[in-house]
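The values are calculated or read from the model by the stated rules, or taken from the named source; none is laboratory data. What you see is a predicted model, and the numbers here were worked out from it, not measured in a lab. Quick reminder, even Gly has a Cβ in these numbers, built from the backbone with ideal geometry, and neighbours come from all protein chains shown. For accessibility, only protein heavy atoms count, side chains too; no ligands or nucleic acids. Shrake-Rupley method; radii C 1.70, N 1.55, O 1.52, S 1.80 Å.
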Amino acid sequence: LQKILILLHVTTCVIVGKTLMILFPNAMKRYILKQGEKSRMNTNPKFSYENWGPTFFSFQYLLFVLKVKWKRLEDEAYKGHPAPNTPVVTVNGEVRHLLDFMRENRPLILNFGSCT
């Protein structure tokens, strides 16, 4: 049921977004660029709106957003419930699952960071 609701929501957003891009291209360009400022995407000189802007609200965009949102349904953690067994990538590039690293009588410690 959750996947159907996500499908309806994302599809509606894409249809509305695509319609607005056709009817009001300049206003939508400003809106998309404004959203890009929040993620600092447009601070990278290699990204220009002409390269990525038109991909918004495309069929590929719809499929990508659905894939991400559906995947996140499996990754939700709730207090008092078992941890989700999400896929992770090792330093060697091997895809494993989080709970593969559990060992008896040892807590599993997650350390997050970034490489920028």
(request) Quick one: of 34/79; 3/79; 3/38; 46/71; 38/79, which pairs are farther than 26 Å apart, Cα to Cα? (result) 34/79; 3/38; 46/71; 38/79
(request) Quick one: among 104, 50, 76, which has the greatest mean-square fluctuation in a GNM of the chain with alpha-carbon springs under 10 angstrom? (result) 104
(request) Could you tell me what percent of the accessible area of the chain is made up of carbon and sulfur, with a 1.4 Å probe and every protein chain present? (result) 62
(request) Quick one: which residues, 5+ away or cross-chain, put their amide H under 5 Å from the amide H of residue 88? H built at 1.01 Å from N. (result) 96, 97, 98
(message) At R0 = 25 Å, how high is the FRET efficiency between residue 29 and residue 88 if r is their beta carbon distance? Nearest 0.05 is fine.
(response) 0.10
(message) Using 0.36 nm times the number of residues separating residue 44 and residue 12, minus their current alpha carbon distance, what extension gain do you get?
(response) 8.5 nm
(request) Starting from the Cα of residue 67, step 7 Å along the direction of its Cβ; do the same at residue 96; then give the gap between the two resulting points in nm. (result) 2.5
(message) So, for segment 42-85, what is the accessible surface per residue at a probe of 1.4 Å, expressed in square angstrom?
(response) 82
(message) Filter the chain for me: DSSP H helices, axial length by Cα at least 27 angstrom, mean Kyte-Doolittle hydropathy not below 0.5. List them by residue number.
(response) 2-23
(message) Among 5, 99, 41, which residue has its Cα furthest toward the positive end of the charge dipole of the chain, with +1 on Lys/Arg Cβ and -1 on Asp/Glu Cβ?
(response) 41
(message) Charges at C-beta only: +1 for Lys and Arg, -1 for Asp and Glu. How large is the resulting dipole of segment 46-107 about its Cα centre, in Debye rounded to 20?
(response) 100
(message) With N set to the number of residues, divide the alpha-carbon radius of gyration of the chain by 2.2 N^0.38 Å and report two decimals.
(response) 1.43
(request) Let me have the relative contact order for the chain, percent, based on Cα pairs under 8 Å that are six or more residues apart. (result) 19
(request) Could you tell me the convex hull volume per residue, in Å³, taken over the Cα atoms of segment 26-68? (result) 86
(message) Please report the accessible area of residue 28 (heavy atoms, 1.4 Å probe, ligands and nucleic acids excluded) in Å², nearest 10.
(response) 20
